[in-house]
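Only one structure is covered here, and it is reproduced in the block below.
The values are calculated or read from the model by the stated rules, or taken from the named source; none is laboratory data. Because the structure is predicted, anything quoted here is derived from the model rather than measured. In this analysis, Cβ positions are derived from the backbone assuming ideal geometry, glycine residues included, and neighbour counts consider all displayed protein chains.
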Amino acid sequence: MGAGKLHADDTPIPVLAPGTGKTKTGRPWTYVRDDRPSGADTAPAVWFAYSPDRKGEHPRQHLKNFQGALQADAYAGFHHLYGDVCDLRSSLLGPCAAQVPRDSCAPRFSHNSRGAGQDRRTLRD
């Protein structure tokens, strides 16, 4: 979590529901850094955390001490980490912009542009 930039995502996976003989949906949260393509010599790293649900309290807890650029999809659980931006669709990084509802006015970003054509958003306190 000491990186200047992290990529974050969660993934639904089936996990055993003890005592039921069935499965339920669990969530591994993944936080990744790898800036080797941009010339950094910092070692790539990944951190996984598990939760039994997708509540926004999980990334909030995981990232409570993180200060830097967060690259994530439009999942509402990340919204509390950012500043105000009204038209998020044009601000998102990558193909995940399609996940943002048209009436969304929300995740909070502080603009911090670096590098040729790269757009990063910086977490605020």
So which residues in the range 43-60 are surrounded by fewer than 13 Cβ atoms within 10 Å (Cβ to Cβ) and not in a strand (DSSP E or B)? Ala43, Pro44, Pro52, Asp53, Lys55, Glu57
Of all residues making up the range 14-42, the number that are at pLDDT 90 or above, surrounded by 12 or more Cβ atoms within 10 Å (Cβ to Cβ) and of a type in the set (A, V, I, L, M): 3
Sole miss for His80 among (1) at pLDDT below 85; (2) under 16 Å from His7 (Cα atoms) is condition (2)
